[in-house]
Amino acid sequence: MELIKHDPENLFMGTKRDGKKLTCMVVDDVPFMVKTLSKLLEKFGIEVVQTAANGVEAVEKYKTLKGRLDLITCDITMPEMDGLQVLEKVMQFDRTQRVVMISALGSKEKVKTAMQLGAKYFIVKPFKAEDVFRILSFVITKF
Amino acid sequence: MGIKEDITVALYGSTKMVLKEYVDNITVNFGEVTIATSQTRPIIVKGCASLITLIGELKGKVLVDLPLETALKISSIMNDEELTEFNDTVSMTINELANMIVGNAINKLVDAGINVDISIPSFIFGKEIALYSSEASDILVVPVETSYGNIFITISIASK
């Protein structure tokens, strides 16, 4: 995917060549975290087209959206099915899907496991807007 | 510094960082720490508490406890909506707050080579609930004085 706009000054990632916004599914069991991330993503010009409050819901929703999502942000610690299991399932459908894991636990081991499973990056909570922008910008441009 | 001091210092740093990041206009100061060493002394819950177990080289528990009024104020700000009574949003918010505070403190210990992990937070709602530990432990209570009320962080580390 090629981006036609990229303006870090205005924290705007831009649209795709077809003029449509980049799309994202936010997966997190905590409502305020979904709100916080969604607001940030909208600020970056990314449309949050779906949210999921647990792993099982995330995989079900992914099945109906696969091929149409540019990005997934996924919490690790969640009920029903954790984020690493979600990541594994998503990778079974599409190894190229951009999934960015988000967790309060950012030990090297956890990050390594997530990256080995196919995550494109790892964000440690609490996060700053500029860090999320920098990471998502990198992920969208590189993968 | 010993491992118990390491976790305490790490918790001070992460508490301040997490609260400042997610709670607008909050001021954070730390009160005087009380220390006890007893197998029978319980931890008393003050209102809305999130309990996280430490697993690995460092065994123990961390309780992030807020009186209901403080929990409602902080949850309202974090969720950008007025919460006037206890509900799932409050419990999930306080659990996530505790998860980030303890998680970030643990990250520092892991980076320093200490093998430790944490459990998923368990939420406790109620006043004057006594939590007893089955193993000998050192208990530290750190009062965190904020502009929205006090938060009490209790650190219980197994003696052996």
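Here chain B is treated as a Stokes sphere of Kirkwood radius computed over C-alpha pairs; at 20 °C and 1.002 mPa s its diffusion coefficient rounds to 137 µm²/s. Taking the longest Cα principal axis of chain A as reference, the axis of helix A:83-93 is set at about 70 degrees. Rounded to whole numbers, the Karplus 3J(HN,Hα) couplings from phi for segment B:14-23 are 5, 4, 4, 5, 5, 5, 5, 6, 10, 10 Hz, using 6.51 cos²θ - 1.76 cosθ + 1.60 with θ = phi - 60°, and x at Gly and Pro.
The solvent-accessible area of B:Ile139, taken with every protein chain present and a 1.4 Å probe, is close to 10 Å².
The GluC sites (Glu not before Pro) of segment B:74-142 meeting both criteria, a DSSP state outside H, G, I, E and B (loop) and at most 12 other C-beta atoms within 10 angstrom of the site's C-beta, are B:Glu81, B:Glu82, B:Glu85, B:Glu128, B:Glu135. Backbone geometry of segment B:53-58 corresponds, through the Karplus equation with coefficients 6.51, -1.76 and 1.60 at θ = phi - 60°, to 3J(HN,Hα) couplings of 9, 8, 10, x, 4, 10 Hz, x marking Gly and Pro. Across segment B:3-158, the relative contact order, built from alpha-carbon pairs under 8 Å that are at least six residues apart, equals 40 percent. Estimated from the Cβ-Cβ distance and a Förster radius of 25 angstrom, the FRET efficiency linking B:Ser134 and B:Ile3 is about 0.75.
For A:Met78, the residues whose modelled amide H falls within less than 5 Å of its own, excluding neighbours fewer than 5 places apart on the same chain, are A:Gly83.
Placing unit charges on the Cβ atoms only, positive for Lys and Arg and negative for Asp and Glu, gives segment A:43-142 a dipole magnitude near 360 debye about its Cα centre.
Counting only DSSP H runs of at least 4 residues, each contributing -39500 (n - 2.57), and dividing by the residue count of chain B, the helix-based mean residue ellipticity at 222 nm comes to -12000 deg cm²/dmol.
Tell me the angle of helix B:68-79 to the major Cα principal axis of chain B, expressed in degrees between 0 and 90 and rounded to the nearest ten. Orientation of helix B:68-79: about 70 degrees from the principal axis. In order along segment A:96-107, the phi-based Karplus estimate (6.51 cos²θ - 1.76 cosθ + 1.60, θ = phi - 60°) of 3J(HN,Hα) comes to 8, 4, 6, 10, 10, 7, 10, 7, 6, 9, x, 5 Hz; Gly and Pro are listed as x.
Residues whose amide H lies under 5 Å from that of A:Thr15, counting only those 5 or more places away or on a different chain, are A:Ile4, A:Lys5; hydrogens are built 1.01 Å from N in the peptide plane. In this simple spin-label model, placing a label point 7 Å from the Cα along the Cα-to-Cβ direction at both B:Phe30 and A:Gln92 gives a separation of 4.6 nm. Largest first, the three principal axis extents of the alpha carbons in chain A are 37, 30, 28 Å in whole numbers. Kirkwood hydrodynamic radius computed over the protein assembly as shown comes to 20.2 Å, based on all pairs of distinct alpha carbons.
Taking chymotrypsin sites (Phe, Trp or Tyr not before Pro) as exposed when their DSSP state is a loop state and no more than 16 other Cβ atoms lie within 10 Å, the longest site-free interval of chain B runs over B:1-85. Peptide A:25-36 is shielded by partner chain Cβ atoms: per residue, an average of 4 of them sit within 10 Å of its Cβ. When the charge dipole of the protein assembly as shown is built from unit charges on Cβ atoms (+1 for Lys and Arg, -1 for Asp and Glu) and taken about the Cα centre, the candidate among B:Gly31, A:Ala129, B:Ser50 whose Cα reaches farthest toward its positive end is A:Ala129. Which residue fluctuates most in the GNM of chain B (Cα springs below 10 Å): B:Leu63, B:Leu97, B:Leu83? Greatest mean-square fluctuation among the candidates belongs to B:Leu83. Select from B:Ile101, B:Ile77, B:Ile43 the residue whose mean-square fluctuation is largest in a Gaussian network model of chain B (Cα-Cα springs shorter than 10 Å). Checking each option, the largest mean-square fluctuation is seen for B:Ile77. With a Förster radius of 25 Å applied to the C-beta separation of B:Asp80 and A:Leu65, the computed FRET efficiency comes to 0.40.
Among the residues of A:108-118, the average count of other protein chain beta-carbon atoms within 10 Å of the residue beta-carbon is 1.
Largest GNM mean-square fluctuation among A:Asp94, A:Asp70, A:Asp28, using chain A with Cα springs under 10 Å: A:Asp94.
The values are calculated or read from the model by the stated rules, or taken from the named source; none is laboratory data. Quick caveat: nothing in here was measured; it's all calculated off a predicted structure. Please note: Cβ atoms are built from the backbone with ideal geometry, for glycine as well, and neighbour counts cover all protein chains shown. Areas reflect the complete protein model, heavy atoms only, side chains present, ligands, DNA and RNA absent. Shrake-Rupley method; radii C 1.70, N 1.55, O 1.52, S 1.80 Å.
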